[in-house]
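Written out below as structure tokens is the structure these notes cover.
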Amino acid sequence: MDPLRLLADQRCVACDDPGTLLCPACRSGLPWLRGPLCPRCGEPGPPDRLRCPVCERLGRAVRSARTAIALDGTGAAIVRAWKDGARHPVAGLAAALVAAAVPPPAVDVIVAVPPARDRAAWRGVDGPQALAGVLATRWRLPLLRGALERVDDRPQRGLSRSARQRRARGLYRAVAPVAGRVLLVDDVLTTGATAAACTRRLRRAGARSVDVVTLARVVTAS
């Protein structure tokens, strides 16, 4: 192993203090998503509200969505270290956080959101695939690789909500048949456009239902 990478992996992903991947102080500051939550999409807010904006963006095809932490503070630092810093051990940390917050889902198979191939190669880490693999082991579920493919490598980061939704509609395709209840895994839920687009492709490929799990999400204002 690269000694510089080994040294980096022994520092806190949030504050860079030496010792552990997530120091006790930063762990105590994790932005867990606590109730009340929308019973379908897990967005913080009154569970009896008449309209949930996240549910509306996800569309009817997604059965449920659950997330461990908000993309804020320590949560945002973890995601940056993982996606932009190529911190490989963060996959295990991410899975531990998800498992602590999300009950094992009633599904038959796990599928990861496919990355933009050039950026995954540049980063040296495929976050959703790594998270899906660890969760598959934790929850004793089969991991179905190669069910989805990303056909446009242009980044979504920085686009407006409406632009992300338009782009996402043609961003993915199913390349293998899928059966049963599927758990779709991604690192971050931002607008819901990626989850909705991948879910539509999975349902057309044969999935009976699709639930979504992510490490973090952008929490919208109530």
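Both the radius of gyration and Dmax for the range 29-143 are 15.1, 44 Å, in that order, over alpha-carbon atoms. Across the range 189-201, coupling constants 3J(HN,Hα) worked out from phi with the 6.51/-1.76/1.60 Karplus curve, θ = phi - 60°, read 9, 9, 9, x, 5, 5, 4, 5, 5, 5, 4, 4, 5 Hz, and Gly and Pro carry x.
Proximity of backbone amide H atoms, modeled 1.01 Å from N, is registered between residue 189 and 216, 217, 218 at under 5 Å, excluding neighbours fewer than 5 places apart on the same chain. Atom-type composition of the exposed protein surface of the range 32-104 places 56 percent of the accessible area on carbon and sulfur (1.4 angstrom probe).
The Rg/Rh ratio for the range 175-222 is 1.04, where Rg is the radius of gyration of the alpha carbons and Rh is the Kirkwood radius. Derived scalar couplings between HN and Hα for the range 46-60 equal x, x, 9, 5, 6, 10, 10, x, 5, 4, 5, 6, 5, x, 6 Hz in order, rounded to whole Hz, by the Karplus curve 6.51 cos²θ - 1.76 cosθ + 1.60 (θ = phi - 60°), x for Gly and Pro. Put simply, the amide H of residue 43, placed in the peptide plane, has neighbours under 5 Å in 38, leaving out anything fewer than 5 places away on its chain.
Ordering of 131-137, 101-107, 54-60 by packing is 131-137, 54-60, 101-107, highest average first (other Cβ atoms within 10 Å, averaged per residue).
The values are calculated or read from the model by the stated rules, or taken from the named source; none is laboratory data. Please read all numbers here as calculations on a predicted model, not as lab measurements. Glycine gets a Cβ as well: all are built from the backbone with ideal geometry, and neighbour counts include every protein chain shown. Side chains are part of the model used for accessible areas, which takes the heavy atoms of the whole protein and leaves out ligands, DNA and RNA. Shrake-Rupley method; radii C 1.70, N 1.55, O 1.52, S 1.80 Å.
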